[in-house]
Every structure is written in structure tokens, then in C-alpha cells.
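Following: one structure in C-alpha cells, then a few remarks.
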């Protein structure tokens with residue numbers, strides 16, 4: 001399979017807006033198996049954590065259509081982490097994953113869902 005630039009998804013903005021207030025939050029604990037060779041939580045795991053705060057009915061009744069993700073800071077094994085989300089409308093959620101205490105933003109994202 002070859003990459004086709006015509007099929008690439010365009011985003012409406014260059015940057016994902018900061019999540020001002022979260023309606024949903026779920027704490028996440030890094031595990032040894034989440035770490036890469038440098039001792040950081042790998043980006044695939046961070047992406048998974050981004051969706052953890054969603055209300056359970058969202059992935060149960062909707063399909064993720066697209067997600068725009070910005071990885072902002074590293075995460076290590078002993079960090080206390082919170083995944084947060086807020087619904088902007090019926091189809092769009094804004095997300096962030098933060099290091100609790102320092103309130104350091106690890107991930108910022110926007111997801112689009114379809115029924």
C-alpha cells in the first residue's frame with residue numbers, strides 16, 4: 001500500500017485549542033509495559049489514555065472518525081496522570097492528558113465521532 005496525499009485528512013486549524021474546563025476525568029497510572037526504551041510512556045499509550053475520560057456511551061454508540069493529537073511533554077513511570085475531556089457538541093470532544101500536581105499538559109487533542 002502506498003501513501004496517497006489526496007487521501008490525507010486536512011485539519012481546520014493548525015493547533016488544537018486548549019481544554020478550558022473538563023466535564024469528564026479519569027486517572028491513569030503508568031505501568032512498566034507503557035514505557036519505551038528511554039523510560040518515557042510511548043505515544044501510542046498516551047493516545048489511548050486520551051480517550052479514557054470519554055463517557056462510556058460515546059465509544060459504545062459512536063465510531064471515531066478522526067482525531068487530531070498534539071504530544072506536548074513526556075511522561076514517566078512515577079507520574080500521576082489524569083485524562084480529561086469535554087464535549088463541544090454531539091460529535092466533537094476536546095481532550096487533554098495532564099501530569100497531576102504540576103498540571104503539565106502531556107497531550108492535547110480533538111476527536112470527531114459519527115453515529
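Within the stretch 18-28, if we keep just the residues that are part of a loop (DSSP other than H, G, I, E, B) and surrounded by 10 or more Cβ atoms within 10 Å (Cβ to Cβ), the residue that is modelled with the lowest pLDDT turns out to be 19.
Going through the stretch 72-88 one residue at a time, which ones are assigned to a strand (DSSP E or B) and either surrounded by 20 or more Cβ atoms within 10 Å (Cβ to Cβ) or under 15 Å from the mean Cα position of the chain (by Cα) (or both)? Once the filter is applied, which keeps residues that are assigned to a strand (DSSP E or B) and either surrounded by 20 or more Cβ atoms within 10 Å (Cβ to Cβ) or under 15 Å from the mean Cα position of the chain (by Cα) (or both), the stretch 72-88 yields 81, 82, 83, 84, 85, 86, 87.
The values are calculated or read from the model by the stated rules, or taken from the named source; none is laboratory data. Since the model is a prediction, treat every value here as computed from it, not as a measurement. All Cβ positions, even for glycine, are placed from backbone atoms using ideal geometry, and neighbour counts span all protein chains on display.
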